Amino acid sequence: MSVQDQLTALGLTLPAVPTPVAAYVNCVRSGNLLFLSGGLPIDGEKKVIGKVPTDVSIDEAKEGARMIILNRLAVIQDEVGSLDKVKQIVALNGFVNSEADFYGHPQVINGASELLVEIFGDKGRHSRTALGAASLPLNVAVEINLIVEIEA
């Protein structure tokens, strides 16, 4: 089954490739590795904004992490032409805009990690960092970047 078929089976569609909000690019390729800039949980009018868990629940933040994965996959597809060229999701770094006494960062970032495994199976398993932050760009609840290996 192709990755696109898997996305369809999961009832998911990729958004348009997001435009960077500052002086950077969405993705840099070095050899067979793609280094994806931090993605934000923004898709048109749908945004996950605020601190976890005060303004945004853990479940809402997890959904934001899933949104980010879909927009990062759109970047990968734009860069290499097909998600079937993904050989391995190597690393995921997740940042949660959280209150100082919140310690559930891994729960939030699980939204992203679990979705990658649903889509790619073993190719979606990755190393990971889940951190809290005092604030994030545009006051988003979550930001995620990826390192992805692609077929030669």
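Of the residues Val80, Val108, Val96, the single one that is more than 24 Å from Lys47 (Cα to Cα) and of a type in the set (Val, Ile, Thr) is Val80.
Within the range 29-57, can you find the residues that are under 16 Å from the mean Cα position of the chain (by Cα), outside any loop (DSSP other than H, G, I, E, B) and among the hydrophobic types (A, V, I, L, M, F, W, C)? Leu34, Phe35, Leu36, Ile42, Ile49 - these are the residues of the range 29-57 that are under 16 Å from the mean Cα position of the chain (by Cα), outside any loop (DSSP other than H, G, I, E, B) and among the hydrophobic types (A, V, I, L, M, F, W, C). Could you tell me whether Asp101 is in a loop (DSSP other than H, G, I, E, B), open to solvent by 50 Å² or more (accessible area, probe 1.4 Å), over 24 Å from Cys27 (Cβ atoms) and charged (D, E, K, R)? So Asp101 fits the description; yes. So, in the range 1-52, of the ones that are acidic (Asp, Glu) and at pLDDT below 95, which residue ends up farthest from Ile119 (Cα to Cα)? In this case the residue turns out to be Glu45.
If you go through the range 63-92 and keep only what is within 15 Å of Val117 (Cβ to Cβ), β-branched (Val, Ile, Thr) and crowded, with 21+ Cβ neighbours inside 10 Å, you end up with Ile69, Val86, Ile89.
Taken together, Val80, Val17, Val75, Val3 contain a single residue that is more than 12 Å from Val142 (Cβ to Cβ), touching a residue at least 60 places away in the same chain (Cβ under 8 Å) and within 14 Å of the chain's Cα centre (by Cα), which is Val17.
The values are calculated or read from the model by the stated rules, or taken from the named source; none is laboratory data. These numbers come from a predicted model, not from an experiment. Virtual Cβ from ideal backbone geometry, glycine too; neighbours counted across all protein chains shown. The area values use the complete protein model at the heavy-atom level, side chains included, leaving out ligands, DNA and RNA. Shrake-Rupley method; radii C 1.70, N 1.55, O 1.52, S 1.80 Å.
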